[in-house]
Structures are given as structure tokens and as C-alpha cells.
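Here the structure is laid out as C-alpha cells; the discussion comes afterwards.
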Amino acid sequence: MNAPLQTARNPVDPLKLEKLAELAVKVGLQLQRGQDLVLTAPIAALPLARLITKHAYKAGAGLVTTFYADEEATLARYAHAPDESFDRASDWLYQGMAKAFANGAARLAIAGDNPMLLASQDPQKVARANRANSTAYKPALEKISNFDINWNIVSYPNPSWARQVFPDDPETVAVEKLANAIFAASRVDVDDPVAAWNEHNANLRRRSSWLNEQRFAALHFTGPGTDLSVGLAEGHEWHGGASTAKNGITCNPNIPTEEVFTTPHALRVEGHVSSTKPLSHQGTLIDKIEVRFEAGRIVEARAARGEEVLKKVLDTDEGARRLGEVALVPHSSPISASGILFYNTLFDENAACHIALGQCYSECFLDGASLSQEQIRSQGGNSSLIHIDWMIGSGEVDIDGVRSDGARVPVMRKGEWA
Ligand code: ZN
Ligand code: ZN
């Protein structure tokens, strides 16, 4: 029998995917001639990983090394591994990555895992595995969180993620919708994405410059279920969009990004705050979080869903109950305007103002590159194995900047820049 050749339509526009790969290499990383690249990707993101590899070598990459993660393999561990497996992690792999970074390699991660992959697994095992992984990852993560190297995250519309975001659509439709949402948010659905990013970076720089001139002592958030004063670290510095790593390369770590962000004071956060969007944390959904801070520390925590996981997260270490980031995003940002809940922090954190539990970014201090860990701590910078962003902004939240003499300046009204 001679059946007619059927070409299935690709739900992921190959031209836009190619633009995304090129953007990740040229704007996301600014990968340098001769620079090595460590790439991680879910196995479903193979088409994007290959295009990124191609553009990395075209940009002169020395060596691109890719590590793939497989959701089926992860589930096989939860189904069949002996109990002691959940206290283990591939420390040798992360030590190798840390060595590559120390030798000048850049880092690119393709995000797109199924956010609910571990939702029905034993939360104790999930927490133990996460903790073991965070501990093992520390030497490599430090090079990223200290901004020693140029790094970038982009996303691929993995079918298992797309089904979570668009549960009422058939898989191909869900993948196409998610792909288009990723392309729009990443600004690759325009003729010249590099020019669009230059303009976007300039806008973000204007916001962060204004905030840096203000030298606020604190930000005060008020809204439904929220009355929170977030003291800012001494010598804090606001960042947004492109910034320069300690290796001298100016990169855009997150694609997409809409936020300007800085370091709160680990000891000066007071009041209560409610989350405005669900938080998807390593395969579990934590929703309707309510916490109360005293002297910078979370002393009460509740969640309508995922409370047990939240409490495990807060018990990771001493710094896990304190803030390491505060970020401002207007309610009208394109990701927020899309109305899509992505169940992925890279997108959802760029739809709303947010705070992060845990580790601070040393780049968010004046002259941050030259400060020791001890100096960062004495200026109010937090340290922890975790860094977890969750959304506290909405069209109903107001923010005042508070100067050291108590004077107040409107920063945002009903979720928009005042
Ligand atoms: Zn952020
Ligand atoms: Zn963050």
C-alpha cells in the first residue's frame, strides 16, 4: 500500500524557536569567542538545545556540554529507589560544573519541566531529595548567585508543562499556545528581537536608576491580606534587565524578565503578607500563602494548599525564613496581561511584584563584587541554600517607599508605577 505522506504540523514555530536560541546566546549570555558553555535541558527540549548549541558554536563557543533530565527517570526513582537514595545527590557533577565555571564557562538552563511532576509523591522524600540536591549544588550555584559568570535561562514548551497550563486543550493545541506565549513574553515574535531587548533593557534601567536615587530605607506593601514593611539592606542596589557579571560580560540572566529587584534587610521585615498567585515549587503547588514576619523572620506560615511542603521549605536552614529579594513588576506587564498562570517562576514572577525566601544576590549591593560574605551579612544580606520567589503583587496592591526620616513616596498605586 502506498499511503500519502502525512506531515504533522509542528506546533512550535521553527523560525521563532531559532530566534529564541539566537537571542539566548547573543543577548541572554553574550557568549564570548572561545568561551565554554554548560547547558542543561529537559529531554523534551532537545530541538531548542540543539539550536542553542548551533548558535553557541557559530558565536565561537569553545566547547558546549549538555546534560539532559528525563521526567520518566525521575519518577522511576520515586517508584523504585531504596529509601536512602533520597538523601543523595550527584555532588561530583556539581563540583565539575563549579570547576567549569571557575575555568570561565558560561551557564545556560532550558526550563520547561512539568511543574506538577512530583505532586503525588511522598512530600518527605521530595523535601529530602531537594535538600540533598541543594546542598550538593551549592558550589556551582554560588558562582551563579554571586554573578561570577554570565548565565541565562530560557524556556521550551514541554508537552507535560503545556498540558498543565492549558488542561482543556488537546496536547498539540496546548503546546502551540504555550509556545506562542513563551515567544511573546521572550520578545522573539518581532522582526528584530535583539533591538527589542535593547529597548526593554533601557526601560528597566530607567526604573532601577530612579529607585537607586531614592535610597529608600524600606518599602511598605498594602493590599488585601497584606500590610508588610520590607526594610532594604544597607547599601542595597536595584537591578533590572541586562547586568554585568564579575567576568566582565553583560548578560540577561532571565528571558523573559520584567522585574527590577534588590536585597531586603534580613532582620528588618515586619507585618503580614498574602500570596497573589500559586507558587509551583519543584513539582508541588503551594497556594494562598499567608505569613507573618517579626524582625525579618517568618514566625507564622499557612497555605491553603501545599502547607506541608511550605513548612519543609521554611525549615531548610536558618536563612530560609528570611527574605533574600524584593522585586517590583507592574500589573500591566505583558506576562500579567496574558492572564496565563504558567506554574513556572520564570514567567509568573514576571507577572507580579514578588519577594524571595532565602539567598540574596550579592550583585544587589553597591560595589557588591568587592564585598566579602561577612560584609554582605553585616549590611543585611541573607544567606540560605534556597532562593524561592513568590508573588505578592496584584492590581490591588499599593507600595510606598519610606525614607530613613519616615517620609513616604508613592512607588506603585493599584499595581502600577506611581
Ligand atoms: Zn525576582
Ligand atoms: Zn528571585
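Being touching a Cys at 6+ places or on another chain (Cβ under 8 Å) and either at pLDDT 90 or above or over 22 Å from residue 117 (Cβ atoms) (or both) is a property that does not hold for residue 306.
Here the range 237-266 is the region considered, the condition is being assigned to a strand (DSSP E or B), within 15 Å of ligand 1 (Cβ to nearest atom) and of a type outside the set (S, T, N, Q), and the residue that is nearest to residue 25 (Cα to Cα) is 240. Scanning the range 287-316 for residues that are touching a residue at least 60 places away in the same chain (Cβ under 8 Å), buried (at least 16 other Cβ atoms within 10 Å of the Cβ) and either in contact with a Phe, Trp or Tyr (Cβ under 7 Å, 6 or more places away or on another chain) or closer than 19 Å to residue 124 by Cα (or both) yields 289, 309, 312, 313, 316.
Among the residues of the range 74-96, is any part of a strand (DSSP E or B), surrounded by 14 or more Cβ atoms within 10 Å (Cβ to Cβ) and either out of contact with any Pro (no Cβ under 8 Å at 6 or more places or on another chain) or at pLDDT 95 or above (or both)? Outline the logic, then answer.
Let us first name the residues in the range 74-96 that are part of a strand (DSSP E or B), namely none.
No, the conditions are met nowhere in the range 74-96.
Among the residues of the range 376-397, are any within 16 Å of ligand 2 (Cβ to nearest atom), assigned to a strand (DSSP E or B), in the same structural domain as residue 277 (by TED's automatic domain parsing) and among the acidic types (Asp, Glu)? Within the range 376-397, one or more residues are within 16 Å of ligand 2 (Cβ to nearest atom), assigned to a strand (DSSP E or B), in the same structural domain as residue 277 (by TED's automatic domain parsing) and among the acidic types (Asp, Glu).
A quick yes/no check of all residues on (1) touching a residue at least 60 places away in the same chain (Cβ under 8 Å); (2) assigned to a helix (DSSP H, G or I); (3) among the acidic types (Asp, Glu):
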site	(1), (2), (3)
149	yes, no, no
162	no, yes, no
181	yes, yes, no
187	yes, no, no
191	no, no, yes
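Selection over the range 31-53 of residues that are under 26 Å from residue 160 (Cβ atoms), polar (S, T, N, Q) and outside any helix (DSSP H, G or I) gives a count of 1.
Of all residues in the range 48-64, those that are free of Cβ contacts under 8 Å to residues at least 40 places away in the same chain and farther than 16 Å from residue 38 by Cβ have Cβ atoms under 8 Å from Cβ atoms of residues that are assigned to a loop (DSSP other than H, G, I, E, B) and small (Gly, Ala, Ser), 6 or more apart or on another chain, in 60/34.
Residues in the range 346-383 that are among the hydroxyl-bearing types (Ser, Thr, Tyr) and surrounded by fewer than 22 Cβ atoms within 10 Å (Cβ to Cβ) were compared, and the one that is nearest to residue 110 (Cα to Cα) is 383.
Exactly one residue out of 379, 373 is at pLDDT below 95 and away from ligand 1 (no atom under 14 Å from the Cβ): that is 373.
In the range 325-361, which residue that is among the aliphatic types (A, V, I, L, M) and away from ligand 1 (no atom under 13 Å from the Cβ) is modelled with the highest pLDDT?
Looking at residues that are among the aliphatic types (A, V, I, L, M) and away from ligand 1 (no atom under 13 Å from the Cβ), I get 340.
Scanning the range 37-46 for residues that are under 24 Å from residue 244 (Cα atoms) and surrounded by fewer than 19 Cβ atoms within 10 Å (Cβ to Cβ) turns up just one, 40.
Which residues, taken from the range 142-182, are of a type in the set (Phe, Trp, Tyr) and surrounded by fewer than 22 Cβ atoms within 10 Å (Cβ to Cβ)?
Within the range 142-182, 166 is the sole residue that qualifies.
Within this structure, residue 244 fails the test of being within 16 Å of ligand 2 (Cβ to nearest atom), over 17 Å from the mean Cα position of the chain (by Cα) and among the polar types (S, T, N, Q).
The values are calculated or read from the model by the stated rules, or taken from the named source; none is laboratory data. This structure is a prediction, so every number in the text was calculated from the model and none was measured. All Cβ positions, glycine included, derive from the backbone under ideal geometry; neighbour counts span all protein chains shown.
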